[in-house]
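Colleague: The structure that follows is given in the form of structure tokens.
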Amino acid sequence: MRGSRSKALHDRALVNCQYSMATFSTGERKRRPHGDRKSSEMTLHLKQTFEAAILTQLYPRSQIDIYVQILQADGGNYCACVNAATLAVIDAGIPMQDYVCASSAGFVEDTALADLNYVEEAAGGPQVALALLPKSDQIALLEMNARLHEDHLECVLDAATAACRAVHAVLDQVVRDHVREVATLLGE
Amino acid sequence: MAAMEVRLPVARKLVGQDLARGSGRDLVAPGDTITTDTGYMRGHGTYMGEEKLVASVAGAVERVNKLICVKALKTRYNGEVGDIVVGRITEVQQKRWKVETNSRLDSVLLLSSMNLPGGELRRRSAEDELAMRDYLQEGDLISAEVQSVFSDGAVSLHTRSLKYGKLGQGVLVQVSPSLVKRQKTHFHDLPCGASVILGNNGFIWIYPTPEQKDEEAGGFITNLEPVSLGDREVISRLRNCIMALVTQKLMLYDTSILYCYEASLSHQIKDILKPEVMEEIVLETRQRLLELEG
């Protein structure tokens, strides 16, 4: 436990996240002091996502720090952070219910788009961020930033879910290859 | 002007990709179902989800009779009674020190579970409590043994032997606890001229071999005499060799470190950290260890 001990939870671990963007990550150079509104919102979202996935009740009175920094903002910042942090948590050997995979989705001219890039995000259409636990099909976080007709929600969510599953396949392959490599090298 | 060495990043080679086919161990990732049979007991690294046993960490499945565990490749240190650890004092409190030992919670070293300087045996008085910072203060490194493990996994240490106590001059290397092989002894005087303490918690202390052993009464007097250049070179080489072994994921124990040290002698100390040199010397070490096993 770092910092004030009063924050420690007696029945589970505290998940502490910090999201930041490098000054050079966007097109125009910008100083972003700590605690600007967008970063604190993102920090909160990350925290909620990982509290849902990590089995925090196993480690009372401890703290898990997840620090992410965006080096190049090309769209899908939240999703990239979640996917990267999932790999980091697995590498650290912290027990999780399942992988958390995230993807964004948008809706432009009657078509659902998955994994928006920066230009698509900046265009200003409705945007959904979805964090999924793929094996159990549970949603860790779902956030929408604009109004979207109810009829379209389903196809947008389907697009995001499909993208999350695709991300899961990639992450799973990487983890398995790594585990196999290390287990062989360590082999008894 | 001296020529500068330039290196370009290349994709890392996957080692042991083809070797793995033979090993029959079950490897799982978080969310994988291990078994749907309800007759098994849930161990570490698993959880029950809807009538089935699911893995919660990535690693190898281990079965002991009805108990199923998943052992993660890299974790924090899980204390076990009798382990030798190296730790750093982070806080001085009433009657106890808080020690950072790479475990999930801070470990404690009680004033009553250490030898007083001079080896006096008596009850600890209020004066001893006031003098605690003279024995050990924040930032000091100690070697100790695990006395007990609390229910929440926190560790209580003791230094009730002349082997343990404050560490003087040397180098600390922090590695993953899973890379340190459990052995009868974790204190080694290597024939190359330095000694190592292989802490079970993954903290490794390399120091010049002390001349006389019995001198350190209680282990609170640190020798601040300058260390000779030769000793320092041996220590640096050992440190780099350990880094090489860790990068190539070879278990750390006296023989492996010594073989790696011998394999590295043809290289300059600073060159040992180059990826291709690491690979070469660790391969040679692996080969020699295999020959040793026969």
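The values are calculated or read from the model by the stated rules, or taken from the named source; none is laboratory data. As the structure is a computational prediction, the values presented were derived from the model and not from experiment. For neighbour counting, all protein chains shown are included, and Cβ atoms are generated from backbone atoms with ideal geometry for every residue, glycine included. Note: accessible area is taken over every heavy atom of the protein model, side chains too, but ligands, DNA and RNA are not part of it. Shrake-Rupley method; radii C 1.70, N 1.55, O 1.52, S 1.80 Å.
Colleague: Let me have the relative contact order for chain B, percent, based on Cα pairs under 8 Å that are six or more residues apart.
Modeller: Taking the mean separation of contacting Cα pairs over the length of chain B, I get 13 percent.
Colleague: Collect residues whose amide H, placed 1.01 Å from N in the peptide plane, falls under 5 Å from the amide H of residue A:64; neighbours closer than 5 in sequence don't count.
Modeller: Under 5 Å from the amide H of residue A:64: A:14, A:15, A:16.
Colleague: Provide the percentage of antiparallel DSSP beta bridges, counting only those with both residues in the range A:5-186; round to the nearest 5.
Modeller: In the range A:5-186, DSSP labels about 70 percent of beta bridges as antiparallel.
Colleague: Residue B:51 to residue B:150: extension gain in nm, 0.36 nm per residue of separation minus the Cα-Cα distance?
Modeller: Between residue B:51 and residue B:150, full extension yields 32.5 nm more.
Colleague: Could you derive backbone 3J(HN,Hα) for the range A:12-27 from the dihedral phi with the Karplus parameters 6.51, -1.76 and 1.60 (θ = phi - 60°), listing whole Hz in sequence and x where the residue is Gly or Pro?
Modeller: Coupling constants for the range A:12-27: 7, 7, 8, 9, 10, 10, 8, 10, 8, 10, 5, 4, 9, 6, 10, x Hz.
Colleague: Considering only C-alpha atoms, what is the centroid distance from the range A:146-166 to the range B:102-120, in Å?
Modeller: If you average the Cα positions of each part, the centres end up 57 Å apart.
Colleague: Sticking with this structure for a sec: Projecting each Cα onto the charge dipole of the range B:28-72 (Lys/Arg +1, Asp/Glu -1 at the beta carbon, about the Cα centre), which of B:30, B:53, B:70 comes out farthest on the positive side?
Modeller: Result: B:70, furthest along the dipole toward the positive end.
Colleague: Sticking with this structure for a sec: Take the residue pairs B:166/B:249; B:74/B:98; B:98/B:166; B:52/B:181 and return only those whose Cα atoms are more than 22 Å apart.
Modeller: Over 22 Å Cα-Cα: B:166/B:249; B:74/B:98; B:52/B:181.
Colleague: Would you mind computing, in nm to one decimal, how far apart the modelled labels at residue B:129 and residue A:170 are, each placed 7 Å from Cα along Cα→Cβ?
Modeller: Once both label points are built, they end up 5.9 nm from each other.
Colleague: What's the angle, to the nearest 10 degrees (0 to 90), between helix A:77-91's Cα axis and the longest principal axis of chain A?
Modeller: Here the helix axis deviates by roughly 20 degrees.
Colleague: OK, next. Going toward the positive end of the dipole of the protein assembly as shown, with +1 on Lys and Arg Cβ and -1 on Asp and Glu Cβ, which of B:263, A:20, B:155 do you reach last?
Modeller: Farthest along the dipole direction, towards plus: B:155.
Colleague: How large is the dipole of the protein assembly as shown about the Cα centre if only Lys and Arg carry +1 and Asp and Glu carry -1, each at its Cβ, rounded to the nearest 20 debye?
Modeller: 1000
Colleague: In Å² (nearest 100), what accessible area is buried between A and B, both sides summed, heavy protein atoms only, 1.4 Å probe?
Modeller: Protein heavy atoms only, the A-B interface buries about 3000 Å².
Colleague: Still on this structure, please answer the following. Mind listing the phi-derived Karplus ³J(HN,Hα) values for the range B:49-55, rounded to whole Hz, using 6.51, -1.76 and 1.60 with θ = phi - 60°, and x for any glycine or proline?
Modeller: Along the range B:49-55, the couplings run x, 6, 6, 9, 8, 10, 6 Hz.
Colleague: What FRET efficiency, computed as 1/(1 + (r/R0)^6) with R0 = 25 Å and r the Cβ-Cβ distance, is obtained for residue B:185 and residue B:265, rounded to the nearest 0.05?
Modeller: After rounding to 0.05, the efficiency reads 0.50.
Colleague: Next up: Using the alpha-carbon atoms, what tilt in degrees (0 to 90, nearest 10) does helix A:37-53 show relative to the longest principal axis of chain A?
Modeller: Rounded to the nearest ten degrees, it is 60.
Colleague: Same structure, new question: What list of whole percents do you get for P(r) of the range A:57-145, with Cα-Cα distances grouped in 5 Å bins up to the one holding the largest distance?
Modeller: Result, from short to long distances: 3, 12, 20, 21, 18, 13, 7, 4, 2, 0, 0 percent.
Colleague: To the nearest 10 degrees, how steep is helix A:150-186 against the longest Cα principal axis of chain A, on a 0 to 90 scale?
Modeller: 30
Colleague: Which of the lysines could a cross-linker span from residue A:30 if the Cα-Cα distance has to be under 18 Å and same-chain partners fewer than 8 positions apart are dropped?
Modeller: Within the straight-line limit of under 18 Å, residue A:30 reaches these lysines: A:38.
Colleague: Here's something else I'd like to know. Give the list, by residue number, of cysteines in chain B with no other Cys Cβ closer than 4.7 Å, or say none.
Modeller: That list is B:69, B:192.
Colleague: Same structure, new question: Summarise the accessible area of the protein assembly as shown (1.4 Å probe, protein heavy atoms) by the percent that is carbon and sulfur.
Modeller: The computed percentage sits at 51.
Colleague: Give the long-range amide H neighbours of residue B:252: residues separated by 5 or more places, or on another chain, with amide H under 5 Å away, using H modelled in the peptide plane at 1.01 Å from N.
Modeller: For residue B:252, the qualifying residues are B:180, B:181.
Colleague: On to the next question. Taking every DSSP beta bridge that has both residues in the range B:89-189, what percent is antiparallel when rounded to the nearest 5?
Modeller: 80
Colleague: Relative contact order (percent) for the range B:28-72, with alpha-carbon contacts under 8 angstrom and 6 or more residues of separation?
Modeller: 42
Colleague: Considering Cα pairs under 8 angstrom that are at least six residues apart, work out the relative contact order of chain A and quote it in whole percent.
Modeller: About 19 percent, as a whole number.
Colleague: Can you tell which of B:174, B:205, B:223 lies farthest toward the positive end of the dipole of chain B, using +1 and -1 charges on the Cβ of basic and acidic side chains (Lys, Arg; Asp, Glu)?
Modeller: So the residue we want is B:174.
Colleague: I need the shape label for chain B. Rule: rounded when a/c is under 1.5, else prolate if a/b > b/c, else oblate, with a, b, c from the alpha carbon gyration tensor.
Modeller: It comes out oblate by the Cα gyration axes.
Colleague: If I model a spin label at residue B:138 and residue A:74 as a point 7 Å from the Cα along the Cα→Cβ vector, what separation in nanometres do I get?
Modeller: Those two pseudo-labels are separated by 4.4 nm.
Colleague: Residue by residue through B:26-36, how many Cβ atoms from other chains fall within 10 Å of the Cβ on average?
Modeller: Mean shielding by partner chains, rounded to a whole number: 5.
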